[in-house]
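K.L.:
Next up is a structure, given as structure tokens.
What follows is calculated from the coordinates using simple rules that are stated; it is not laboratory data. Note that the structure is a prediction, hence the values are computed from the model and not measured. Neighbour counts run over all protein chains shown; Cβ positions are idealised from the backbone, glycine included.
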Amino acid sequence: MTRRWVGRAYVAAVLLFLYTPILVLVVYSFNASRFSTDWTGFTLAWYGRLAANQALLEAAGNSLIVALIAATLATVLGTLAAMAIHRYRFRGRGLVKGGLYVLTVSPDIVMGISFLVLFVAVGMPLGFTTLVLGHVTFCLPFATITVLARLKGFDAHLVEAAQDLGADEPTIFRKILLPLVRPAVLAGWLLSFTLSIDDVMVSFFITGPGFDILPLRIYSMVRLGVRPEVNALCAILLALTFTMVLVAWLVTRERTQK
Amino acid sequence: MTDTGWFKTLAIGLITAWLTVFVAVPNLLVLGASFCARDEARLLAPIFTLDNYLRFFNPVYFAVFARSMALAMITTALCLLVGYPFAYSVARGGWAHKNLLLLLVIIPFWTSSLVRTYALMILLKANGLINTALFDIGLIQAPLRMMYTDAAVVVGLTYSLLPFMILPVYASLEKLDGRLLEAARDLGAGPVTVFWRITVPLTLPGMVAGIMLTFLPALGMFYIADILGGARSLLVGNLIRNQFLTSRDWPLGSATSMALTLIMAAMLLVYSRSAKALSREADL
């Protein structure tokens, strides 16, 4: 009995460690005092200041556009890749599958500089396009693996039956596989979007001076110290991530209950 | 099949081409650059040399490398020590809402570690919450210096990377067959023996995966060292960034990056060995 309570207390303590800093940040983003650690009253002033900061809004807009495009491309490509890995036996299949898994553990900094070297080698100016290409690449394995996990879980006879009835590959894809994996595709998109909009390490190397994005803007603000505007900005980003992950979790959970 | 073959070709062709252009080629370019000489004007001179790798043994460079490895090892050990019991309690503690607990780990897993590092800074800084609280209850008279130390970097890395240890370990604990533990107990094994002889070996692949997902980023996350460690505390990640963006020594930066790739390859080898050994034993 006591052992059970020790276990519960321990789990609670670790969760407290993970969440206290985040909660403190969110609370402080509403604190009226600029410099003090004391609570001096509720305010929305810091959020108002963000809305008036043109450069920040532009960076946020850039980040949103990159994340929308990169997540969509990564999800389309990842879904096709998952289908190919699941349905076909082809030369290099092991290499493709292995490569995707290696990408998930590959350190971000190694990926970032490898993109930098590539883009400089081919003479591509750093900015919007290079960011999208890089982001698609690091989102790709997560989108693929999410869809692949779902494909592994269902009855292969469905596809065989469709083939016997004369369905061709595009029809099988559109009418059978795609509806079955839809929740996983949505989850893959949401997670890719989150990865893209939060990325610091890879973007740091592959964006140009003319194209500022939110995480890099936050990075340079954070280096100057703690400021209430940064608290507000981070709180917004946290809310966005929490929502995305929660929705992704809910749509993929549905399948285990069915 | 000819009129339906295009779909297969498209699916396979796209992913193969993408991985070739954006993964294989860039990494080969970095490998190539690591054997080139430095050139002020063109970044690289196409002259074969091993100099960049030999420069690791330069005492200054080596010291930074060794210190970063030490910080990463401490971080990984802390993540394992904190994360394993946590994953164990969640997986086998008989919780009513296990999925919800898991979600509470998944959320920080996907949350920006820059934002989380900044949140930690609010607590650790000289006039931050921890110092203010300790001062108010009379435990300290002057603020503790927590920011800009190696300890702060280790705490920051551990804070960011803990979910990356918990999730793979949890997955392997979840797969663990409870009947094996029961059988061992029935045969008279005590809880300590059961844990070390059964649970640990069977969750080894999960642990190795967790170690890989914490150790490699702990070497590379330069912004955590920048924010919490000040300028002194350099990680391998800071070295690479500085070679590429400040001192413009791409060959040395590429060689340093290749060192990380090699460490990753070694860890992947250990992982696949441990996973294979396990599936062989399971077949018996």
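K.L.:
For peptide A:78-85, how many partner chain Cβ atoms fall within 10 Å of a residue's Cβ, on average?
P.N.:
Numbers: counts 2, 1, 7, 7, 2, 5, 10, 3.
Mean partner shielding for this stretch: 5.
K.L.:
So who's got an amide H within less than 5 Å of the one on B:Ala37, skipping anything under 5 residues away but keeping other chains? H placed 1.01 Å off N, in plane.
P.N.:
For B:Ala37, the qualifying residues are B:Ala45, B:Ile47.
K.L.:
Assign one of three labels to the range B:134-194, namely rounded, prolate or oblate, based on the Cα gyration tensor with a ≥ b ≥ c the square roots of its eigenvalues; rounded applies when a/c is under 1.5, prolate when it is not and a/b is larger than b/c, and oblate otherwise.
P.N.:
On the way: a/c = 4.64, a/b = 2.38, b/c = 1.95.
The shape class here is prolate.
K.L.:
Moving to a separate point now. Could you give the semi-axes, largest first, of the ellipsoid that matches the range B:136-284, computed as the square roots of 5 times the alpha carbon gyration tensor eigenvalues and rounded to whole Å? Can you show the working numbers first?
P.N.:
Details: eigenvalues 301, 129, 16 Å².
Its equivalent ellipsoid spans semi-axes of 39, 25, 9 Å.
K.L.:
Can you tell me the relative contact order of chain A? Whole percent, Cα pairs under 8 Å, sequence separation 6 or more.
P.N.:
Working: 261 pairs, mean separation 79.2, N = 258.
Relative contact order of chain A: 31 percent.
K.L.:
While we're on this one: Residues of the range A:88-128 with backbone nitrogen within less than 17 Å of a virtual label 7 Å along the Cα-to-Cβ line of A:Ile69, please, listed as ranges.
P.N.:
Counting backbone N atoms under 17 Å from the label point, the list is A:119, A:124-128.
K.L.:
Given that compact globular proteins tend to follow 2.2 N^0.38 Å, what is the ratio of the alpha-carbon Rg of the protein assembly as shown to that value?
P.N.:
Details: Rg = 24.5 Å, N = 542, 2.2 N^0.38 = 24.1 Å.
That works out to 1.02 for the protein assembly as shown.
K.L.:
Show me the ranking of peptides A:239-250, B:182-193 by mean Cβ neighbours inside 10 Å, starting with the highest.
P.N.:
Values: A:239-250: 17.2, B:182-193: 11.5.
Per-residue mean Cβ counts within 10 Å order the peptides as A:239-250, B:182-193.
K.L.:
Report, largest value first, the span of the C-alpha coordinates of the range A:1-43 along each principal axis, in whole Å.
P.N.:
Taking the Cα atoms of the range A:1-43, the three principal extents are 47, 14, 14 Å.
K.L.:
Compute and list, largest first, the equivalent-ellipsoid semi-axes of chain B from the alpha carbon gyration tensor, each √(5λ) rounded to a whole angstrom. Provide the component values of the computation, followed by the final result.
P.N.:
Working: eigenvalues 265, 213, 75 Å².
Square roots of five times the eigenvalues give 36, 33, 19 Å.
K.L.:
Of B:Lys98/B:Lys125; A:Lys97/B:Lys98; A:Lys97/B:Lys276; B:Lys8/B:Lys276, which pairs sit farther than 29 Å apart, going by alpha carbon to alpha carbon?
P.N.:
B:Lys98/B:Lys125; A:Lys97/B:Lys98; B:Lys8/B:Lys276
K.L.:
Given Cβ point charges of +1 (Lys, Arg) and -1 (Asp, Glu) and nothing else, what value in debye, to the nearest 20, does the dipole of the range B:58-283 about its Cα centre take? Numbers along the way, then the final one.
P.N.:
Details: 16 positive and 10 negative charges, 33 e Å.
Using only the charged Cβ atoms, the result is roughly 160 debye.
K.L.:
Which FRET efficiency value, to the nearest 0.05, do you get for B:Leu262 and B:Glu40 by plugging their Cβ-Cβ distance into 1/(1 + (r/R0)^6) with R0 = 25 Å?
P.N.:
Details: r = 28 Å, r/R0 = 1.13.
Given R0 = 25 Å and the Cβ-Cβ separation, E is 0.30.
K.L.:
Next up: Taking the alpha carbon gyration tensor of the range A:59-257, what are the square roots of 5 times its eigenvalues, largest first, to the nearest whole Å? If you can, show how the numbers build up before the last one.
P.N.:
Details: eigenvalues 243, 85, 33 Å².
Value: 35, 21, 13 Å, ordered largest first.
K.L.:
Could you work out, residue by residue across A:129-136, how many beta carbons of other chains sit within 10 Å of that residue's beta carbon, and then give the average as an integer?
P.N.:
On the way: counts 0, 0, 0, 0, 3, 2, 0, 2.
If you average over the peptide's residues, the count of other-chain Cβ atoms is 1.
K.L.:
Between B:Thr20 and A:Glu160, with labels modelled 7 Å along Cα→Cβ, what's the label distance in nm to one decimal, could you check?
P.N.:
So the label points at B:Thr20 and A:Glu160 sit 3.5 nm apart.
K.L.:
Now for a separate question. Quick one, what does Rg over Rh come out to for the range A:168-209 if you take C-alpha atoms and the Kirkwood Rh? All intermediate terms of the calculation are to be shown ahead of the outcome.
P.N.:
Numbers: Rg = 16.3 Å, Rh = 12.7 Å.
Ratio of gyration radius to Kirkwood radius: 1.28.
K.L.:
Of B:Ala17, B:Ser34, A:Phe42, whose Cα points farthest to the positive end of the dipole of the protein assembly as shown (charges on the beta-carbon: +1 Lys, Arg; -1 Asp, Glu; origin at the Cα centre)?
P.N.:
A:Phe42
K.L.:
Regarding the range A:1-73, what is the average projected area of its C-alpha convex hull, in nm²? Present the calculation step by step, with values, prior to reporting the outcome.
P.N.:
Working: hull surface 36.1 nm².
Taking the Cα atoms of the range A:1-73, their convex hull projects to 9.0 nm² on average.
K.L.:
Can you give the FRET efficiency to the nearest 0.05 for A:Arg174 and B:Arg179, using r as the Cβ-Cβ distance and R₀ = 41 Å?
P.N.:
Working: r = 43 Å, r/R0 = 1.06.
Efficiency, rounded to the nearest 0.05: 0.40.
K.L.:
If the only charges are +1 at each Lys and Arg Cβ and -1 at each Asp and Glu Cβ, what is the size of the charge dipole of the range A:59-257 around the Cα centre, to the nearest 20 debye?
P.N.:
Values: 15 positive and 11 negative charges, 58 e Å.
In total the dipole reaches around 280 debye.
K.L.:
Let me ask another. How far apart, in nm, are the 7 Å Cα→Cβ label points at A:Tyr101 and A:Arg4?
P.N.:
Between A:Tyr101 and A:Arg4, the label points sit 3.9 nm apart.
K.L.:
If you wrap a convex hull around the Cα atoms of the range B:9-121, how much volume per residue is inside, in Å³? Present the calculation step by step, with values, prior to reporting the outcome.
P.N.:
Values: hull volume 28.0 nm³, N = 113.
Given the Cα convex hull of the range B:9-121, per-residue volume reads 248 Å³.
K.L.:
How about the range A:67-124: which trypsin sites (Lys or Arg not before Pro) there lie in a loop by DSSP and see at most 16 other Cβ atoms within 10 Å?
P.N.:
A:Arg89, A:Arg91
K.L.:
OK, next. Need one number: nm distance between label points at B:Asp150 and A:Ala55, each 7 Å from Cα along Cα→Cβ, rounded to one decimal.
P.N.:
Between B:Asp150 and A:Ala55, the simple spin-label model gives 3.6 nm.
K.L.:
Right, another one. Rounded to the nearest 0.05, what FRET efficiency is calculated for A:Ala13 and B:Ala77 with R0 set to 22 Å and r the Cβ-Cβ distance? Don't skip to the end; give the middle numbers.
P.N.:
Values: r = 19 Å, r/R0 = 0.84.
Efficiency computed from Cβ-Cβ geometry: 0.75.
K.L.:
Select from B:Leu176, B:Thr158, B:Pro59 the residue farthest towards the positive end of the dipole of chain B; place +1 on Cβ of Lys and Arg, -1 on Cβ of Asp and Glu, and compute about the Cα centre.
P.N.:
Positive-end residue among those listed: B:Pro59.
K.L.:
With contacts defined as alpha carbon pairs under 8 Å and 6 or more residues apart, what's the relative contact order of the range B:58-283 in percent?
P.N.:
Working: 237 pairs, mean separation 58.2, N = 226.
Dividing the mean separation by the residue count of the range B:58-283 yields 26 percent.
K.L.:
Volume per residue, Å³, of the convex hull around the alpha-carbon atoms of the range A:107-212? Intermediate results must be reported in sequence, preceding the final value.
P.N.:
On the way: hull volume 13.0 nm³, N = 106.
Cα-based convex hull of the range A:107-212, divided per residue, equals 123 Å³.
K.L.:
Right, another one. Within a Cβ distance under 15 Å of A:Phe204, other residues only, what is the Lys/Arg minus Asp/Glu net charge? Could you put the intermediate results ahead of the total?
P.N.:
Values: positive: A:Arg217, A:Arg223, B:Arg241; negative: A:Asp108, A:Asp198, A:Asp199, A:Asp212, B:Asp226.
Once positives and negatives cancel, what remains is -2.
K.L.:
Which of the trypsin sites (Lys or Arg not before Pro) found in the range A:157-257 are in a DSSP loop and have at most 16 neighbouring Cβ atoms, other than their own, within 10 Å?
P.N.:
Values: sites: A:Arg174, A:Lys175, A:Arg217, A:Arg223, A:Arg253, A:Arg255; in loops: A:Arg223.
Taking the range A:157-257 and a limit of 16 other Cβ atoms within 10 Å, the loop trypsin sites (Lys or Arg not before Pro) found are A:Arg223.
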